[in-house]
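A short write-up of the structure that comes next.
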Amino acid sequence: MAQRKSDMLEGLTFSGEKLTQDRLLAVLTSERQRSIGLDNDNDLNRHRELALEYYRGMVPDMPVAVDEDGKPVDTNRSKAVSTDLADAVETIMPDLMEVFFGGEDALTFRAHGEEDVDAAEQETDYVRQIVFHSNDGFSNAYEWFKESLLCRTGIAKWWWDDDEEFEEYEGEANLAELQEMQEMGIELVDAEPCAPESDEEYAQGLEPPRYKYEARKLVRPATVNWMAVPSSDFGVAPETGRLKDAPYAVMRSRPQKQELIAQGHDPETVRSLSMGDEDDDGGVDEARETSDEDDDATESMGDLARCEIHEHYIRADFEGAGRPQIWRIITGNAEKVLLDIEKRAAIEFAALCPFPMMFQFYGQDLADKVMPWQRINSALLRNGLDNNSFQLNARMEVADDRSTENTLDDLQNNEPGHPIRVKSAGAISPVRLAALSVNPFETIEQMKTMSEQSSGIIRGAQGLNPDSLHKTKGGMQIQQSAAQKRARMMARLYAETG
């Protein structure tokens, strides 16, 4: 439950001075603006946008010839695209999911001695239940892993949810029935004796006394929740190496106003919040879309409307204890409105990166490894298809002195059997094109092999490449072993860091 505004900053200081709301919001604004992520880093967001577009089968950064008006001049050329990035992601994802969901030891507490065996087993069962079953464990992990492969980092958030859900009952029952309900785990909230229909019946013991009761059964206890969040809505301090040690981290979210009110925030303050700048990271959001989900500009009304808030985690000595502690602070309207401040035990996020960079928070992803090869393969594929098209539909050389007024019109009609009218034989002859010095389709296969060596995602290891260049049994075994090692390394990084 959020505190009242007047009580939020009571007794807190910053740099030896009383911490006021304006000073706190100014500090958070400064930290968010210097953070890496959100809308502060155009290069990072452009990479994410490109990677998502490449995954969807587009290569928007390939050069295209245009005329003086900026219109493409190669309108009759192939627009085919190689799908290397999508193929690599969809090849490695089943292996990663199998590691964490295909066995019983993906999440295990180890006993330190014989006396800890029973406790470790109970802890293992409980946490597995929370991570994989009480939450949408499989869906959350799928989004978390795939985001890390395409967007440099995958971010997950966890939090403690105090809200319990109950099924409520009311009715009439005797003492034996009430006791049976309690043995079934139903909590008796209230019970009052019913007015007897006949005092004589009760006096003779013919009818046991009945009670009007209210009861409830716990169907969802307070628990830990977790979910994957878009990496484009997350930022960290530039000096961050490991997320758990970050001096500052922030997440942007867009909840409904009624959700914030239900969490205990002041309704009047919440209803004053706005959606913020909808253009922030618009390119990344649009690159995720497959059905123009954000095309509708209309908004919901009243408490159903969404607003933009920032959840900050900052290490600071606000209590004057001589050591910094972690504080979670929720703000709205771009750090103009303070909603809540609370001390926390940890920064409640976890990050994944498939190819970490030493001592840095942001590393590389699968898109970094594969996008250059997809661009090359798309160019080669288009060249090969264009060449085949030109061979089948060769340009014609037409002799004016042997043609008629119908010759050009007849040439443009490419229907089988359609006659071409000329004055004499030899009026039309095809322009012979020189054969390509390199077979583009063979080169594509070579480029895919080089891409596999760069990314570690091997088609042959999944049985997807019947025309592999390494056809020998030993060559295939070496490929599969290398691919499995890279996949195991990635899974281990995810397990240790996430």
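Shape summary of segment 127-277, radius of gyration then Dmax from alpha carbon positions: 25.4, 83 Å.
Between the C-alpha center of segment 341-392 and that of segment 83-162 there is a gap of 23 Å. If you take the alpha carbon atoms of segment 127-181 and fit the smallest convex hull around them, that volume is 130 Å³ per residue.
Which loop-located chymotrypsin sites (Phe, Trp or Tyr not before Pro) does segment 328-403 contain, where loop means any DSSP state but H, G, I, E or B and the Cβ has at most 10 other Cβ atoms within 10 Å?
The qualifying sites are 359.
Taken over the alpha carbons of segment 372-428 as equal point scatterers, the Debye sum produces base-10 log I(q)/I(0) values at 0.16 Å⁻¹ of -0.61. Computed from label points 7 Å out along Cα-Cβ, the spacing between residue 428 and residue 415 is 1.4 nm.
Here is the list for segment 299-387: GluC sites (Glu not before Pro) lying in DSSP coil, each with at most 11 other C-beta atoms within 10 angstrom of its C-beta, are 299. Per residue, the Cα convex hull of segment 325-439 amounts to 285 Å³. Straight-distance candidates among the lysines for linking to residue 485, with alpha-carbon spacing under 21 Å and chain neighbours fewer than 8 residues away dropped: 146, 369, 448, 471, 473. Computed from the Cβ-Cβ distance with R0 of 56 Å, the FRET efficiency linking residue 315 to residue 195 stands at 0.30. If you bin all the Cα-Cα distances of segment 222-346 at 10 Å, starting from zero, the percentages per bin are 11, 36, 36, 15, 2, 0. A Förster radius of 56 Å combined with the Cβ-Cβ distance from residue 98 to residue 393 puts the calculated FRET efficiency at roughly 0.70.
Computed from the C-beta positions of residue 34 and residue 274 and an R0 of 25 Å, the FRET efficiency is 0.60 to the nearest 0.05.
Take residue 82: with every protein chain present and a 1.4 Å probe, its accessible area is about 10 Å².
When you filter the GluC sites (Glu not before Pro) in segment 203-269 for DSSP loop state and at most 15 other Cβ atoms inside 10 Å of their Cβ, you are left with 239. Normalised by the number of residues in segment 295-400, the average gap of Cα pairs under 8 Å and 6 or more apart makes the relative contact order 13 percent.
When all alpha carbon pairs of segment 220-278 are counted in 10 Å bins from zero, the resulting P(r) reads 16, 34, 37, 12, 0 %.
The values are calculated or read from the model by the stated rules, or taken from the named source; none is laboratory data. Bear in mind the structure is a predicted one, so any value in this text is a computation, not a measurement. A quick note on method: Cβ atoms are made from the backbone with ideal geometry, for glycine too, and the neighbour counts reach across all protein chains shown. Areas reflect the complete protein model, heavy atoms only, side chains present, ligands, DNA and RNA absent. Shrake-Rupley method; radii C 1.70, N 1.55, O 1.52, S 1.80 Å.
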